[in-house]
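Notes for the one structure printed next.
Laboratory data are not the source of any read-out in this text; all were calculated from the coordinates shown. Predicted model only: the values in this text are computed from it and were never measured. Cβ atoms come from the backbone with ideal geometry, glycine included; neighbour counts cover every protein chain shown.
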Amino acid sequence: MRKYDVFVIGSGMSGMTVANKCASKGLKVGITDELPYGGTCALRGCDPKKVIIGATEVRDFSQRLKGNGIDTVPKINWEDIMAFKQSFVDAMPPKIEKGYKNKDIDTYHTSAQFLSNNTLQVGDEVIEADKIVIASGAKPRILDFEGSEHALSSTDFLNLKELPQSLLFIGGGYIAFEFAHIAARAGAEVTIVHRGKNPLENFEQDIVKHLVEATKNLGVNLILETEVTGIEKTEKGYNVKGNKNGKEITFTTKTVFNSAGRPPAIFDLDLEKANISYSKKGIEVNKYLQSTSNPNVYAAGDSADTQGLPLTPVAVLEGHVLASNLIKGNKKEVSYPPMPTVVFALPTMASVGLTEKQVKAEGIKYKVNYKSAEDWFNAKRLNVPEYAFKTIIDEETQTILGAHLIGPNAEEVINIFAMAIKTKIKLDEIRAMIFTYPTMASDIPHML
């Protein structure tokens, strides 16, 4: 049996943060991951996705300015962009492992299961640790219908050597929209099948409708209120069966992807053997990110049931808080600043703070500024058809409660709104600021 002060399950951003911080303070640390070190964001999510999106951004910009200074719209070379993406992915695991070795962190490359409150089976080893950290992240939701094994994952999409002629995405969340926009701009026929009335349910729906319109204009077939009930393999691809209001419909496609959500990757850890309370949302933790039922166990990132959104910066924040509590005892409570989130489609959609629905539920007296801004100079100079905003203002304090944007550079502008919400800066102070012009940020005072 090997013994550690801290043993971490998962080498994503939260697990990596905990391991490195604890080791730097002299604790004996071990870490394991059944997948290559780096986690979802660096290897199978946001980083490689954003590299691929770079090529589609060039094509999109060229299409918008064709005839206005641009004569030729470039084609996307799928093989080249995949090779460029892979150069980032391949470099990450050895870099991370080298960093662990330099800090004398023991590394394992296998799954882990609990044996008792403070012991684990890690491959052939039995591990005992004073504190065990669950930072195993999330994984694709298991689909429960006939033929579900034919559906590929988001990881598979990011590793496609060739882009199929047609693709179908099951689920209408951010993964489906981001990948649908990539595939459509690269020349594929794309369908999204979503069981709900509205896609992207957690976002401000007044802004979502602009993305829906842009998605349809791109040629993506968006099917709503349809439950996928089966996948049948054929000689030429797949038949995807769906139920829409009691009527069976069938879609034909070359490839099917499961984009129906990502639950926490905790259900194969034998948590019951360690008396660890959990729900479908993750490990139940207190304000110190400690298990509510087993004081030897802590959790962070997508595997923990917290108020934090499933975002990389949130995982890092939780990792720092958790590590501090392991090192100094439970003294630091997790506290979340405004958490901006983005759907990296084109146009980009971004959100921070409260939606109008949430503000109503809290009984706050508020004012809404909602407008399509396609006739503003910034939209015209970039020739974008979708540019809109919805800001929600606290009428009593004259501060921003929420901001929801769609349009060029929304992923950058939203950070300014996040800082404004965090600092509770008054509207008059924002209006009095000097912004560089003409930039997308210079539109902010007019959104208030």
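For region 284-317, give me each residue that is β-branched (Val, Ile, Thr), within 16 Å of Lys131 (Cα to Cα) and either touching a helix residue (DSSP H, G or I) at 6+ places or on another chain (Cβ under 6 Å) or assigned to a loop (DSSP other than H, G, I, E, B) (or both).
Thr292
Among the numbered conditions (1) within 15 Å of Tyr37 (Cα to Cα); (2) exposed (fewer than 13 other Cβ atoms within 10 Å of the Cβ), tell me where Ala83 comes up short.
Among (1) within 15 Å of Tyr37 (Cα to Cα); (2) exposed (fewer than 13 other Cβ atoms within 10 Å of the Cβ), the lone unmet condition for Ala83 is (1).
Is at least one residue of region 425-437 among the basic types (Lys, Arg), within 27 Å of Tyr336 (Cβ to Cβ) and out of contact with any His (no Cβ under 9 Å at 6 or more places or on another chain)?
Checking region 425-437: at least one residue is among the basic types (Lys, Arg), within 27 Å of Tyr336 (Cβ to Cβ) and out of contact with any His (no Cβ under 9 Å at 6 or more places or on another chain).
Suppose the filter is without any contact (Cβ under 8 Å) to a residue 60 or more places away in the chain, over 30 Å from Lys371 (Cα atoms), β-branched (Val, Ile, Thr) and surrounded by fewer than 15 Cβ atoms within 10 Å (Cβ to Cβ); does Thr226 pass it?
The answer is no for Thr226.
Can you pull out the residues in region 347-390 that are over 26 Å from Asp60 (Cα atoms) and charged (D, E, K, R)?
Listed by number, the residues that qualify are Glu356, Lys357, Lys360, Glu362, Lys365, Lys367.
Would you please name the residue that is farthest from Leu218 (Cα to Cα), looking only at residues in region 339-354 that are crowded, with 24+ Cβ neighbours inside 10 Å and among the hydroxyl-bearing types (Ser, Thr, Tyr)?
The selected residue is Ser351.
From Asp71, Asp106, Asp90, grab the single residue that is within 23 Å of the chain's Cα centre (by Cα) and acidic (Asp, Glu).
Asp90
Would you confirm whether or not region 324-342 contains a residue that is under 27 Å from Ala214 (Cβ atoms) and β-branched (Val, Ile, Thr)?
Checked against the condition, which is being under 27 Å from Ala214 (Cβ atoms) and β-branched (Val, Ile, Thr), region 324-342 yields at least one hit.
Out of region 109-155, which residues are among the charged types (D, E, K, R) and farther than 30 Å from Asn243 by Cβ?
Asp124, Glu125, Glu128, Asp130, Lys131 - these are the residues of region 109-155 that are among the charged types (D, E, K, R) and farther than 30 Å from Asn243 by Cβ.
Restricting to region 201-248, and then to whatever is part of a helix (DSSP H, G or I) and touching a His at 6+ places or on another chain (Cβ under 8 Å), can you tell me which residue is nearest to His150 (Cα to Cα)? Let's see the steps before the verdict.
Filtering region 201-248 for residues part of a helix (DSSP H, G or I) gives 205-217.
Still in the list and also touching a His at 6+ places or on another chain (Cβ under 8 Å): 206-207, 215.
Working: Asp206: 35, Ile207: 33, Thr215: 25 Å.
For region 201-248, the residue satisfying everything is Thr215.
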